[in-house]
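In what follows, a single structure is set out as structure tokens and then discussed.
Please treat every number below as a calculation from the coordinates, not as lab data. These numbers were taken from a predicted model, which means no experiment stands behind them. Glycine also receives a Cβ, built like all others from the backbone with ideal geometry; neighbour counts cover every protein chain displayed.
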Amino acid sequence: MNLQSLGKSSVKTALACATLLCAAVSSFAQGGAMSPYQGEKDGISAGGKWVEFSSVDKMSGANKVRFELLSNNYFKEDSDYKPRVDLFCEGGKLKLADFNPGVRLLPPNRPGFWGQPQLGVRVRIDDYNGYKGWNWVRGHFLSMDKGTVRGMMGAQVFNIELPTQSGRQIAEFSPEGLNFDRVKQACDITPKKPSKD
């Protein structure tokens, strides 16, 4: 093999790799995302900024769907990881909705009704503002209440303010555009405006 044919071969290989990379970037730029979880299919657009991931429970065979919404901003502690909201559904029902700020949570600051550790947060859903106590899970995420999830689904603005190591910070979300039919089918949950009472 001479030097000239080796050069042509390298150029062809580089062009092929660049083409594949551009195709992958283009595909995910249209609303998809790679899943970080083993056994979960890469995400597809669920409308707006939402991404839908699916898998099958290996023991029960139940369909599992996860809807994820990334915030529009980062917290001071980590500029590589956006806070996110995930809705976990299994067998056609909502199992868990969590808020993951992407930073280590402060210790719980209140007990829940059953004595479970909670962190108090402030939420904004369009023109509604309220305080919530969300269950504190292993210092990494907060389990959201169903009322907040339903309100967020139909909102244009959804913000969560919480205490962090760097002081109070706000995660800002744009939840509009979610395909309600997909969520109803996977999670049996529909949007509902929060009450101002």
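Taking other residues whose beta carbon is less than 15 angstrom from the beta carbon of VAL137, and scoring Lys, Arg as +1 and Asp, Glu as -1, yields +3. In a fully extended conformation the segment linking GLN156 and LEU106 would gain 15.2 nm over its present Cα-Cα distance, using 0.36 nm per residue. Multiplying the residue separation of ASP57 and ASP145 by 0.36 nm and subtracting their alpha-carbon distance yields 29.2 nm. Which one of VAL149, GLY177, GLN116 has its Cα pushed farthest toward the positive end of the charge dipole of region 90-197, where Lys and Arg give +1 and Asp and Glu give -1 at the Cβ? After comparing all options, I get GLN116. What the Cβ-Cβ distance of LYS41 and ASP126 gives, at R0 = 30 Å and to the nearest 0.05, is a FRET efficiency of 0.40. Between the alpha-carbon centres of region 48-94 and region 151-197 there is a gap of 13 Å.
Taken over region 64-118, the alpha-carbon convex hull comes to 106 cubic angstrom per residue.
Applying a threshold of 20 Å to the alpha-carbon distances of LYS49/LYS93; LYS49/LYS82; LYS58/LYS146; LYS82/LYS192; LYS41/LYS76; LYS41/LYS64 flags LYS49/LYS93; LYS58/LYS146; LYS82/LYS192; LYS41/LYS76 as lying beyond it.
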